[in-house]
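Note sheet for the following structure.
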Amino acid sequence: MRTVLMVAEKPSLAQSIDFKHFSFFCLSLTGSCSTRKGSFVGQNVRFKMTSVCGHVMSLDFIGKYNNWDKVDPAELFSKAPTEKKEANPKLNMVKFLQVEAKGCDYVVLWLDCDKEGENICFEVLDAIQPVMNKSYGNECTICRAKFSSITDTDICNAMTRLGEPNKNEALSVDARQELDLRIGCAFTRFQTKYFQGKYGNLDSSLISFGPCQTPTLGFCVERHDKIQSFKPEAYWVVQAKVFKGKDSPLILDWDRVRVFDRDVGQMFVNVAKTAKEAKVDSVTKKEKAKQRSIALNTVEMLRVASSALGMSPQHTMQIAERLYTQGYISYPRTETTHYPENFDLKGTLKQQANSCLWGEMVKALLSEGINRPRKGVDAGDHPPITPMRAASESELGSNGWRLYDYITRHFIATVSPDCKYLQTTISFSIATESFTCSGKTLISAGYTDVMPWQGIAQEEALPVCERGDTFTVDEVKLLEKQTNPPDYLTEAELITLMEKHGIGTDASIPVHINNICQRNYVTVESGRKLKPTNLGIVLVHGYYKIDADLVLPTIRSAVEKQLNLISLGKANFHQVLQHTLDIFKRKFHYFVDSIAGMDELMEVSFSPIADTGKPLSRCGKCHRFMKYIQAKPSRLHCSHCDKTYSLPQNGAIKLYKELKCPLDEFELVLWTSGSRGKSYPVIALIMSFLFLFRSGMGCNECTHPSCQHSLNSLGISQCVECEKGVLVFDPTSGPKWRMACNKCNVVVHFFEQAHEVQVSQDSCDSCEASLVIVEFNKTCSPLPDGETQHTGCVFCDPAFQDLVELKHATMRHPMHRAGGARRGRGKGRGRRPMGNPKKPKDKMAALAAYFV
């Protein structure tokens, strides 16, 4: 019997498809899988269902070209080779897929149905095709499922209409990835090194450039410049107040609107004041309709979520993806605003009939007949974003419900009648001047029943009158006003500009906006307004001064069009890639030659690095105090030697007992991430035995043979989670002693309240990890038989079983947040002086028993 492997993009999507729709599938998310029988292409087969976690591979330069100090950024445009690396090495996704695919005859790809999804299809195929069974003749063994929602109908239709993955769309993603990598890295490396070496208060760990990110920032700074250059101008408006009988007075609008000369305005007031009555020239009544919204696409959802719900675009997409994978809404990445003719609008609407919020409106629509949604744009990707099943706030949580609530109301509105109202306009003449007054009266609320914030405001009714009637003039006066500057761009307005100019895609727009916030180029103010920082302003002004194409949207928009042609099979991948890189390479060389122009702007806004920071530790070369610069990226600077030394980020730095490194005479500083996190001494400059300089290395990585702080003296064993790290004892952590990985964020807490802990030169006979010597006070010793001192292995010694706790470090950086207690994975290895590493034989068995 033959086997079919089904691959979804996310575990939650695999679960939704498997458990809800195909009972004959089996699920494989952890590597172990049972199989069940089913039918496929007319034959009995075994099905296996598994998933990836987004992209399997990522594009990067080969190892030596990732060294910022040794590689000229100009080489990154053409000379530097790239390679595909596993996007998340810890997952071992390629090996996992190969294990699942071994012996399979067919593969059905259930990846997201967009260009990124097509690209992931080919990443999966590259991993599994070498281990799959060979096909017979011209038999098609690779199938692509196309779907827009996780519903029975959509999934079954996708299974019966399998196609092939789209190579052209995958290539367009490859081209975008390579362009962004080469162009972004070249400019980012150059300007980061140039400016961080000169200025101390930039407050940004990375001065990044991106082909989409930079024009996005440009829009924000352009609005800022308009605000700064705005000069308010006074203008004058004639206002008249009239009444009839006992009716409330009416405030009339002047038909000339405004004048910018006070004397002219006063002349018109004087003319109007000669009349005691206002004559009605006409009364017009016109029935108007406020059109319901067109169907919802991604950009509109992001706009509304930002302006009305107060959610950032990035957060909105995360919530929308979760709602999609849970089956509550259709695919959230779409440019289409037009429902296909065969879309089951009535069936989708019926699912909302029992809602306590809009159920009555839905029932009324179903009984009276729904309206066909307005004609929108069919981009040929996915149907508009639509609720696929009923939900409640308790199911979705606060933010999930708020977004779902809007999506559902928007959908109901698209099949509801338009809002109808009567607009009445009365025209008056006072002497020779004309004035008007208008009001609206609601006829039928239509779709605004379900979207009340778009409803017609209740206004005071206008008095009944006819042409020729007269009103008494109560007052005519001249009002002085001023023109106002524009406000800072909101996220919603920025999204509109990005869409208009072709910057990014519906999927990448949130990423670009998030990037300029993370880089400290803009700050998000009240009302989700984006206010540029000094750094963002200077960068954009510098780009304009050197080469405006770097910040204007025109060149990136042209590139996006070329990438779209690749996806349609109308442009050659290699030609587009090479042509674009050639253009930016020439621009890069001109930018480097002209960097003094941007530097002049930097000098005005930022302080030289020598004037920044506070004295902390002594330089090992001149023995004068170096300054500690706290602003991102934190670093040490010696003004006498004019040298800057990097430090570990996202933690606190202090002087470490005034101890000096035996290699370079620099005073050690202590880096710590918090009371329950990692801490270790740091060497400002270290010279290894190979005479290679590395700035900011921790003592927990140094292999000096005799230093009491080095890896050789304090290293215990290979990390229980990552492949390259070593668990190193932290002698500064007492009485809450710990050892921590020198590569990842694993922390092992042990021997709390021990009087002293030392690392022995002896090794464990079982796992060959370094032994530790632990000494407790006699009054509080947890050791058996009241012993106060014991030497043993952290992993294997029964006496230490209840005294060891594995955790993840509590880091301030979001990538290193605490993960709680977890079991270790993988075989361990200790690091010993200059070779012959220790190889624990059964450390994992010990960890499984000890770490909970």
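The values are calculated or read from the model by the stated rules, or taken from the named source; none is laboratory data. A quick note: this is a predicted structure, and the numbers were derived from the prediction, not measured. Ideal geometry is used to build each Cβ from the backbone, glycine not excepted, and the neighbour counts take in all protein chains shown. Protein only, heavy atoms only, side chains kept; ligands, DNA and RNA dropped before computing areas. Shrake-Rupley method; radii C 1.70, N 1.55, O 1.52, S 1.80 Å.
Among the residues in region 642-661, are any open to solvent by less than 50 Å² (accessible area, probe 1.4 Å), under 16 Å from SER607 (Cβ atoms) and either not in a loop (DSSP other than H, G, I, E, B) or not assigned by the TED database to the domain that holds CYS744 (or both)? No, region 642-661 contains no residue that is open to solvent by less than 50 Å² (accessible area, probe 1.4 Å), under 16 Å from SER607 (Cβ atoms) and either not in a loop (DSSP other than H, G, I, E, B) or not assigned by the TED database to the domain that holds CYS744 (or both).
Scan region 54-88 for residues that are free of Cβ contacts under 8 Å to residues at least 24 places away in the same chain, open to solvent by 60 Å² or more (accessible area, probe 1.4 Å) and not in a loop (DSSP other than H, G, I, E, B) and the total you get is 1. Here is the figure for region 450-472: residues that are of a type in the set (A, V, I, L, M), at pLDDT below 95 and either within 23 Å of SER293 (Cβ to Cβ) or not in a loop (DSSP other than H, G, I, E, B) (or both) total 2. Residue check: is ILE150 surrounded by 22 or more Cβ atoms within 10 Å (Cβ to Cβ), assigned by the TED database to the domain that holds GLU116 and among the aliphatic types (A, V, I, L, M)? So ILE150 passes the test. Of the set (1) loosely packed, with under 15 Cβ neighbours inside 10 Å; (2) among the polar types (S, T, N, Q); (3) within 28 Å of THR141 (Cα to Cα), all apply to GLN98 but (1). Of the residues examined, TYR447 is one that is under 18 Å from THR337 (Cα atoms), part of a helix (DSSP H, G or I), under 39 Å from the mean Cα position of the chain (by Cα) and in the same structural domain as GLU475 (by the TED database). Tell me, yes or no, whether region 89-107 has at least one residue that is more than 24 Å from GLN43 (Cβ to Cβ), aromatic (Phe, Trp, Tyr) and outside the structural domain of LYS193 (by the TED database). Checking region 89-107: at least one residue is more than 24 Å from GLN43 (Cβ to Cβ), aromatic (Phe, Trp, Tyr) and outside the structural domain of LYS193 (by the TED database). Total residues in region 473-485 satisfying the condition of being in contact with a strand residue (DSSP E or B) (Cβ under 9 Å, 6 or more places away or on another chain) and assigned to a loop (DSSP other than H, G, I, E, B): the figure is 1.
Taken over region 87-118, residues that are among the charged types (D, E, K, R) and over 22 Å from ASN168 (Cα atoms) amount to 5.
Checked against (1) within 33 Å of the chain's Cα centre (by Cα); (2) part of a loop (DSSP other than H, G, I, E, B), SER766 passes all but condition (1).
Residues of region 582-632 that are open to solvent by 60 Å² or more (accessible area, probe 1.4 Å), closer than 15 Å to VAL538 by Cβ and among the charged types (D, E, K, R): GLU600, GLU603. Every condition in (1) over 19 Å from the mean Cα position of the chain (by Cα); (2) farther than 30 Å from GLY369 by Cβ; (3) open to solvent by less than 20 Å² (accessible area, probe 1.4 Å); (4) touching a residue at least 40 places away in the same chain (Cβ under 8 Å) holds for ARG467 except the one numbered (3). Here the helices (runs of 4 or more DSSP H) wholly within region 269-385 that include at least 3 residues being touching a Ser or Thr at 6+ places or on another chain (Cβ under 8 Å), touching a residue at least 24 places away in the same chain (Cβ under 8 Å) and on the phi < 0 side of the Ramachandran plot are 298-307, 313-325, 359-368.
No other residue among ALA596, ALA548 is within 17 Å of THR214 (Cα to Cα) and without any contact (Cβ under 8 Å) to a residue 12 or more places away in the chain apart from ALA548.
Restricting attention to region 378-389, the residues being modelled with pLDDT of 90 or more and surrounded by fewer than 16 Cβ atoms within 10 Å (Cβ to Cβ) number 1.
Within region 626-636, being in a strand (DSSP E or B) and either basic (Lys, Arg) or over 30 Å from the mean Cα position of the chain (by Cα) (or both) holds for MET626, LYS627, TYR628, ARG635, LEU636.
Yes/no per residue for (1) farther than 30 Å from ARG519 by Cα; (2) not charged (D, E, K, R):
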| site | (1), (2) |
| --- | --- |
| LYS95 | yes, no |
| ALA145 | yes, yes |
| GLY163 | yes, yes |
| ARG182 | no, no |
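With respect to (1) touching a Cys at 6+ places or on another chain (Cβ under 9 Å); (2) modelled with pLDDT under 95, the lone exception for LEU76 is condition (2).
Among the residues of region 264-272, are any surrounded by fewer than 15 Cβ atoms within 10 Å (Cβ to Cβ) and not hydrophobic (A, V, I, L, M, F, W, C)? Yes, that holds for at least one residue.
Does region 136-143 include one or more residues that are open to solvent by less than 50 Å² (accessible area, probe 1.4 Å), out of contact with any Pro (no Cβ under 6 Å at 6 or more places or on another chain) and at pLDDT below 90? Checking region 136-143: at least one residue is open to solvent by less than 50 Å² (accessible area, probe 1.4 Å), out of contact with any Pro (no Cβ under 6 Å at 6 or more places or on another chain) and at pLDDT below 90. Return a yes/no flag: does region 160-167 have any residue that is under 30 Å from VAL4 (Cα atoms) and part of a helix (DSSP H, G or I). Yes: region 160-167 contains one or more residues that are under 30 Å from VAL4 (Cα atoms) and part of a helix (DSSP H, G or I). Mind listing just one residue for me: the one in region 621-680 that is touching a His at 6+ places or on another chain (Cβ under 9 Å) and of a type in the set (S, T, N, Q) and, of those, farthest from GLY197 (Cα to Cα)? Filtering first and then ranking leaves SER673. With respect to (1) surrounded by fewer than 19 Cβ atoms within 10 Å (Cβ to Cβ); (2) not in a strand (DSSP E or B), the lone exception for THR441 is condition (2). Just to verify a result, which residue in region 488-507, among those that are under 17 Å from the mean Cα position of the chain (by Cα), closer than 22 Å to GLY380 by Cβ and modelled with pLDDT of 90 or more, is surrounded by the fewest Cβ atoms within 10 Å (Cβ to Cβ)? Per the stated criteria, the residue is MET498.
For region 225-257, a residue qualifies if it is of a type in the set (D, E, K, R), under 46 Å from the mean Cα position of the chain (by Cα) and open to solvent by 80 Å² or more (accessible area, probe 1.4 Å), and the qualifying residues are LYS226, LYS231, GLU233. Being in contact with a helix residue (DSSP H, G or I) (Cβ under 7 Å, 6 or more places away or on another chain) and either within 28 Å of ILE683 (Cβ to Cβ) or not assigned by the TED database to the domain that holds SER634 (or both) is a property that ALA799 has. Within region 131-142, does at least one residue satisfy the condition of being in contact with a strand residue (DSSP E or B) (Cβ under 8 Å, 6 or more places away or on another chain) and part of a strand (DSSP E or B)? Within region 131-142, one or more residues are in contact with a strand residue (DSSP E or B) (Cβ under 8 Å, 6 or more places away or on another chain) and part of a strand (DSSP E or B).
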